[in-house]
Amino acid sequence: MGLYKTAPPLSGRMGALWCLSGIAQSAVVEFGCMGHMAYGRTFLHRMGSFGGKLYSTHIGETDIAMGDTSRLTCAVEWVSETQGIKTIFLLPSSVPEVIGIDLKALAQELSPQFPDTRLIPLTAGGFDVCGHKGVELTLLELCKTFPKEMPLSEQPSFNIIGSCADMFRFHADAAEIARLASGALGMEHLCTMTSGTSISKLETMGAAHLNFVIRREGEAAAKYLKERFGTPYLMARPYGIQGTLDWLEAAASLWGRPADKAFIRQEKENAMEQIAPIQAVLGRFLRVHREENRLILAGHADVVQGIGEYGKECFGFTTTDCYCDCPHMAGPHMAYLDDDAKERISNDSRGILMGSGELLRMAKRDQSLQIATPDDIWRHSYEPPLAGFRGAVNLAAVWANEMMRIH
């Protein structure tokens with residue numbers, strides 16, 4: 001791993017933790033240094049991710065030199081027998097990965113000792129796996145492990161795939177998407193993978209009629225569920241008024257039944273009633289102050305792309321610069337947010353910047369413009385969303401308030 005002036009890219013281990021920390025009725029046992037999980041637990045709880053129990057074995061010089069894994073055995077026994085948790089994810093840290101500890105083999109060896117406990121080894125702990133790949137691999141492993149064979153639910157139902165703790169306001173966005181799907185399509189919400197879920201909810205995923213995939217890392221999991229259960233999936237995040245209307249239309253088309261037009265019309269009217277005056281004032285401001293007619297977005301590729309399209313469509317931002325936090329998602333129209341890009345962006349005072357709490361502090365911008373992690377303040381699940389109709393109203397207000405600060 002290289003040296004970084006700012007927060008370094010997170011590893012596959014953190015990607016796995018982003019997914020697993022929200023799953024109730026389970027525990028994560030990390031075979032690694034005690035400090036790793038202590039900091040990880042504080043970081044995840046501060047982001048609003050609760051549910052799973054997080055433990056670390058600690059690891060000493062003798063364990064590393066001799067390849068001793070007895071601490072892991074003792075930790076599994078304690079969690080299973082003392083805490084009564086019967087689903088345990090085994091997670092490596094960087095040191096066991098480097099010295100070649102085989103967690104899959106260890107899980108097979110331990111399984112006969114704990115016949116009533118499900119041991120699930122995850123292997124995205126090395127430096128060669130980035131955080132987003134860790135999310136993808138973990139979501140896929142969850143779908144391969146937990147959903148049971150069962151008939152479709154009597155009432156039409158759906159799952160949400162990809163709501164994890166690394167996405168800013170992940171609880172709020174998932175709740176808005178679930179509200180829209182329930183209201184427009186009359187569908188029951190079964191499971192959100194993985195925020196605010198549990199092992200028992202994961203087991204019911206095969207009963208859903210539709211899967212809504214809200215980040216590209218969830219597509220592999222959705223493809224697996226389609227092959228196994230025949231469940232169709234929609235991969236998109238709804239942003240803005242038109243973006244949300246298009247998302248609902250695509251969902252209804254995939255479902256093969258008409259959406260509730262009265263519900264959608266009322267939701268659109270409610271949102272536009274609040275957005276219209278902001279649209280008029282902000283649009284005029286951007287036309288007059290051409291040097292400020294820029295929207296700079298930095299965060300997850302799917303998030304910045306959707307917010308950028310809404311800004312251009314509804315408010316007339318003529319220049320939209322998008323930066324993603326994963327080098328593998330960069331392309332001709334989206335640069336990677338490395339240290340140099342962060343420094344360059346933070347030194348440019350023109351336009352409206354939206355990004356992580358770290359980037360906004362560097363640029364001396366207001367924290368209300370945050371759309372990405374890393375973060376350093378406590379978050380909760382009742383904050384306003386960025387997605388959907390309510391997210392469109394929220395974003396409009398954020399831009400209008402920033403306009404008043406600028407002018």
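The values are calculated or read from the model by the stated rules, or taken from the named source; none is laboratory data. What you see is a predicted model, and the numbers here were worked out from it, not measured in a lab. Ideal geometry is used to build each Cβ from the backbone, glycine not excepted, and the neighbour counts take in all protein chains shown.
Structure above, values below:
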{"item": "Test result for E30, modelled with pLDDT of 80 or more and among the acidic types (D, E)", "result": "yes"}
{"item": "Looking only at the stretch 36-56, and only at residues there that are at pLDDT below 85 and hydroxyl-bearing (S, T, Y), the one that is nearest to the chain's Cα centre (by Cα)", "result": "S49"}
{"item": "In the stretch 328-387, the residues that are of a type outside the set (D, E, K, R), in contact with a Lys or Arg (Cβ under 8 Å, 6 or more places away or on another chain), surrounded by fewer than 18 Cβ atoms within 10 Å (Cβ to Cβ) and not in a helix (DSSP H, G or I)", "result": "I377, W378, P384"}
{"item": "So K223, is it free of Cβ contacts under 8 Å to residues at least 12 places away in the same chain and either among the hydrophobic types (A, V, I, L, M, F, W, C) or in contact with a strand residue (DSSP E or B) (Cβ under 6 Å, 6 or more places away or on another chain) (or both)", "result": "no"}
{"item": "Test: residue in the stretch 96-118 that is part of a helix (DSSP H, G or I), modelled with pLDDT of 90 or more, surrounded by fewer than 19 Cβ atoms within 10 Å (Cβ to Cβ) and touching a helix residue (DSSP H, G or I) at 6+ places or on another chain (Cβ under 7 Å)", "result": "no"}
{"item": "Residue that is surrounded by the most Cβ atoms within 10 Å (Cβ to Cβ) [pool: residues in the stretch 388-407 that are among the hydrophobic types (A, V, I, L, M, F, W, C) and without any contact (Cβ under 8 Å) to a residue 60 or more places away in the chain]", "result": "V398"}
{"item": "Failed condition for E227, given (1) under 21 Å from the mean Cα position of the chain (by Cα); (2) in a helix (DSSP H, G or I)", "result": "(1)"}
{"item": "Residue count for the stretch 135-161, restricted to those that are of a type in the set (A, V, I, L, M, F, W, C) and buried (at least 22 other Cβ atoms within 10 Å of the Cβ)", "result": "8"}
{"item": "Of all residues making up the stretch 310-331, the number that are among the hydrophobic types (A, V, I, L, M, F, W, C) and in contact (Cβ under 8 Å) with a residue 60 or more places away in the chain", "result": "4"}
{"item": "Single residue of the stretch 119-161 satisfying the filter (modelled with pLDDT of 90 or more and of a type in the set (F, W, Y)) that is nearest to A175 (Cα to Cα)", "result": "F158"}
{"item": "Cβ pairs under 7 Å, 6+ apart, first in the stretch 200-212 and within 10 Å of L225 (Cα to Cα) and in the same structural domain as T87 (by TED's automatic domain parsing), second outside any helix (DSSP H, G or I) and aliphatic (A, V, I, L, M)", "result": "none"}
{"item": "Residue match in the stretch 235-249 (condition: of a type in the set (K, R), under 18 Å from the mean Cα position of the chain (by Cα) and either in the same structural domain as A392 (by TED's automatic domain parsing) or assigned to a helix (DSSP H, G or I) (or both))", "result": "no"}
